[in-house]
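See structure below.
The values are calculated or read from the model by the stated rules, or taken from the named source; none is laboratory data. These numbers were taken from a predicted model, which means no experiment stands behind them. Cβ atoms come from the backbone with ideal geometry, glycine included; neighbour counts cover every protein chain shown. All accessible areas refer to the heavy atoms of the entire protein, side chains included, with ligands and DNA or RNA removed. Shrake-Rupley method; radii C 1.70, N 1.55, O 1.52, S 1.80 Å.
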Amino acid sequence: MLKVYGDTRSGNCYKVKLLLNLLGIAYEWLPVDILKGDTQSEAFLAKNPNGKIPVLELEDGTYLWESNAILNFLADGSAFLPSEPRLRTQVLQWQFFEQYSHEPYVAVARFIQLYLGMPEARRDEYQVCHVRGHKALKVMEQQLQRTAYLVGEQYSIADIALYAYTHVADQGGFDLGDYPAIRAWMDRVASHPRHVGMLD
Ligand SMILES: N[C@@H](CCC(=O)N[C@@H](CS)C(=O)NCC(=O)O)C(=O)O
């Protein structure tokens, strides 16, 4: 059986859990506590030398890391990853966008607020996260005004990558009131019959 090393509150880990549930693939969840330093232990670094979750352990003992890479591995051959090169590249485009322009701000603001309880020393960084996070949310809003999902009319792993932290952006102080298309898209994603919530 596949094994997922993760933290249930982590959006990056939730991406993997959500896709496994959508695909109906059985897996074992092995909790890792980042605040206790579990990701820096020698045993964990042997799985991912970069010391981060999620990590997916395959049945042959291979360890895969980087959430969006794991999504691409799991979705291969399924409806969640188009095979047509232009569409497939657009999926990657949104996943790279997520990692460079969205997650470092939306997820980090949430980390500062939810995990760390807003320490004074990180308030300036929190403000910067808000400016840049809103810039990313506007890019998503523009696309979702035009199409039901980020890549056309098909629910794909581009949506999973961006849903993970967008749907809990309020926990980082983001008000999604000005993003009606994002809110409608989040409802669409959550209405899939095999959908699973972050803490389910
Ligand atoms: N780019 C990585 C980011 C993973 C990441 O930042 N994971 C966090 C939890 S959300 C982590 O493991 N932090 C612990 C640490 O950096 O020591 C991915 O998408 O998988």
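Before moving on, here are some points about what is shown:
- Within the range 165-184, considering residues that are without any contact (Cβ under 8 Å) to a residue 40 or more places away in the chain and more than 16 Å from residue 102 (Cα to Cα), the one nearest to the chain's Cα centre (by Cα): 183
- Unmet requirement for residue 118, which otherwise passes all of (1) in contact (Cβ under 8 Å) with a residue 60 or more places away in the chain; (2) of a type outside the set (Gly, Ala, Ser); (3) assigned to a loop (DSSP other than H, G, I, E, B): (1)
- Given (1) open to solvent by 30 Å² or more (accessible area, probe 1.4 Å); (2) in the same structural domain as residue 147 (by TED's automatic domain parsing), index of the condition residue 94 fails: (1)
- Residue among 139, 128, 189, 108 that is open to solvent by less than 70 Å² (accessible area, probe 1.4 Å), touching a Phe, Trp or Tyr at 6+ places or on another chain (Cβ under 6 Å) and part of a helix (DSSP H, G or I): 189
- Those residues of the range 49-72 which are near the ligand (Cβ under 9 Å from one of its atoms), surrounded by fewer than 19 Cβ atoms within 10 Å (Cβ to Cβ) and polar (S, T, N, Q), in sequence order: 50
- Residue check, residue 28 open to solvent by 10 Å² or more (accessible area, probe 1.4 Å), more than 9 Å from the ligand (Cβ to nearest atom) and either closer than 17 Å to residue 160 by Cβ or touching a Leu at 6+ places or on another chain (Cβ under 8 Å) (or both): yes
- Qualifying residue in the range 94-112 (condition: away from the ligand (no atom under 14 Å from the Cβ) and out of contact with any His (no Cβ under 6 Å at 6 or more places or on another chain)): no
- Pairs with Cβ under 8 Å, 6+ apart, first in the range 23-40 and touching a residue at least 40 places away in the same chain (Cβ under 8 Å), second within 12 Å of the ligand (Cβ to nearest atom): 35/115
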